[in-house]
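Read through the structure below, which is laid out as structure tokens, and then see the notes.
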Amino acid sequence: MSPKGREHVAACVFLFGASFCASAASAAPFASQDIEGYSPAFVGARLEQVVVFGRNSRRTVEAFATEQKLDPAELHRKFAASGLIECGAAHGAGQLTLADDLVTTAAHVFFDEDGLPRAKTCTFANVVDGKEIRTPIDTASIVAGSKNPYAVAAVHDWAVARLTRPVDGAAPYGLAGAASPNSPVEFVARGHIDWGEGRELSMEKCGLHDQLSVGEEGTREFSFDCETGDGASGGALIVGDGDPVVGAILVGWRSNKPFHSAPFSTTHYNFAVTIEGAFKKAVVAAAAKAYVAK
């Protein structure tokens, strides 16, 4: 797979065997990556994080539980809604949201650089009581901010899709209120291809930073400083300490020092899109529909 940056950039990057460049619009040289897929040739390979802010803050459920003095079994249960969306040779993260047959993610998990579906069939995989459950996605049900996400601003890169059957035993996440700059979040996601072969759940505490843009449909884009890895696009930024509520999803990264550790800054950050406006309305509308067996 040959990733292409979507933002106006001025750098070339070598990523997973494919280099890409884009034109410049700002004074600072800057690479951007908005696709979190992988080539089968790199499955199981040792890969570096792209945007690194310092010491890797990602934790397994067990390590996170130890640091926060929590019960790991309870965390596995609490975050069982987080899963992997697999579409052909590409994958991203997603999570059950509001209903046990509804997932939220980034649009580019489903659609490639040319606006074409990544595969005819896609699957949602999550873990309940230690067992992986694989559930087909009804690709005809996909509602997205754009089905050609690389041709539009990042703030439109969101999607909602129904599963062909409910997932038993995993409580779906709720929806958070309006996001605010400089507020704490937890990034909870599977899919990082440098982390547990992309299937292991990663958890970490960090914060939203600046609001970067606002979409016409009411979604907003924020920078944030959780560590991420390619493959985790669509993963949940969880707000609060009670039952999980998702406020935004990971969409991509921008950096003038990809693959190098550097402080969070306006030229070195990850970014997320909030579940607000048309995105939120699509989730609520889909969740309100009665499940019909396929």
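In terms of packing, defined here as the mean over residues of other Cβ atoms within 10 angstrom, the peptides 157-164, 241-248, 96-103, 211-218 line up highest first as 157-164, 96-103, 241-248, 211-218.
Note on LYS69: lysines with a C-alpha under 28 Å away, same-chain residues under 8 apart excluded, are LYS78, LYS131, LYS205.
Given PRO172, VAL188, GLN211, which one lies farthest toward the positive end of the charge dipole of segment 162-211, if we put +1 on the Cβ of every Lys and Arg and -1 on the Cβ of every Asp and Glu? Going by the charge dipole, the pick is PRO172. Rounded to the nearest Hz, the phi-derived 3J(HN,Hα) couplings of segment 122-134 under the Karplus curve 6.51 cos²θ - 1.76 cosθ + 1.60 (θ = phi - 60°) are 10, 10, 9, 10, 9, 10, 10, 6, x, 10, 6, 10, 10, where x marks glycine and proline.
Can you tell me how segment 203-263 classifies by the Cα gyration tensor, rounded, prolate or oblate, using a/c under 1.5 as the rounded cut? The shape class here is oblate. The amide H of VAL251, built 1.01 Å from its N in the peptide plane, has GLY234, PHE271, ALA272, VAL273 as neighbours under 5 Å, considering only residues 5 or more places off or on other chains. Amide H contacts under 5 Å for GLU200: GLY191, restricted to partners 5 or more places along the chain or on a different chain, H placed in the peptide plane at 1.01 Å from N.
Each 5 Å bin from zero up to the one holding the largest Cα-Cα distance in segment 75-223 carries the following percent of pairs: 2, 10, 18, 21, 21, 17, 9, 2, 0. Applying the Karplus relation 6.51 cos²θ - 1.76 cosθ + 1.60 with θ = phi - 60° to segment 178-194 yields 3J(HN,Hα) values of 4, 6, 10, x, 6, 10, x, 9, 10, 9, 10, 7, 9, x, 4, 7, 9 Hz, where x marks Gly and Pro. Equivalent-ellipsoid semi-axes for segment 45-141 (Cα gyration tensor, √(5λ), whole Å, largest first): 27, 20, 11. Counted residue by residue at 0.36 nm each, then reduced by the alpha carbon distance between them, the extension gain from GLN211 to ALA119 reaches 29.8 nm.
Here the spin labels are modelled as points 7 Å beyond Cα on the Cα-Cβ line, and at ASP243 and ASN148 they lie 4.1 nm apart. Taking amide H positions as modeled 1.01 Å from N, with prolines and chain starts lacking one, the residues under 5 Å from LEU163 and 5 or more places away or on another chain are LEU102, VAL103, ASP138. For ASP71 and LYS131, the difference between the fully extended length at 0.36 nm per residue and the C-alpha to C-alpha distance is 19.7 nm. Here the Karplus curve 6.51 cos²θ - 1.76 cosθ + 1.60, taken at θ = phi - 60°, turns the phi angles of segment 199-216 into couplings of 9, 7, 6, 10, 9, 6, 9, 7, x, 5, 10, 8, 6, 9, 7, 10, x, 4 Hz, with x standing for Gly and Pro. Listed peptides 65-73, 254-262 appear in the order 254-262, 65-73 once ranked by packing, highest mean of other Cβ atoms within 10 Å at the front. Rolling a 1.4 Å probe over the protein chains gives TRP195 an accessible area of about 40 Å².
The values are calculated or read from the model by the stated rules, or taken from the named source; none is laboratory data. Predicted, not measured: the structure shown is a model, and the values here were computed from it. Positions of Cβ are generated from backbone atoms using ideal geometry, with glycine treated the same way; all protein chains shown enter the neighbour counts. Ligands, DNA and RNA are excluded from the accessible area calculation, which covers all protein heavy atoms including side chains. Shrake-Rupley method; radii C 1.70, N 1.55, O 1.52, S 1.80 Å.
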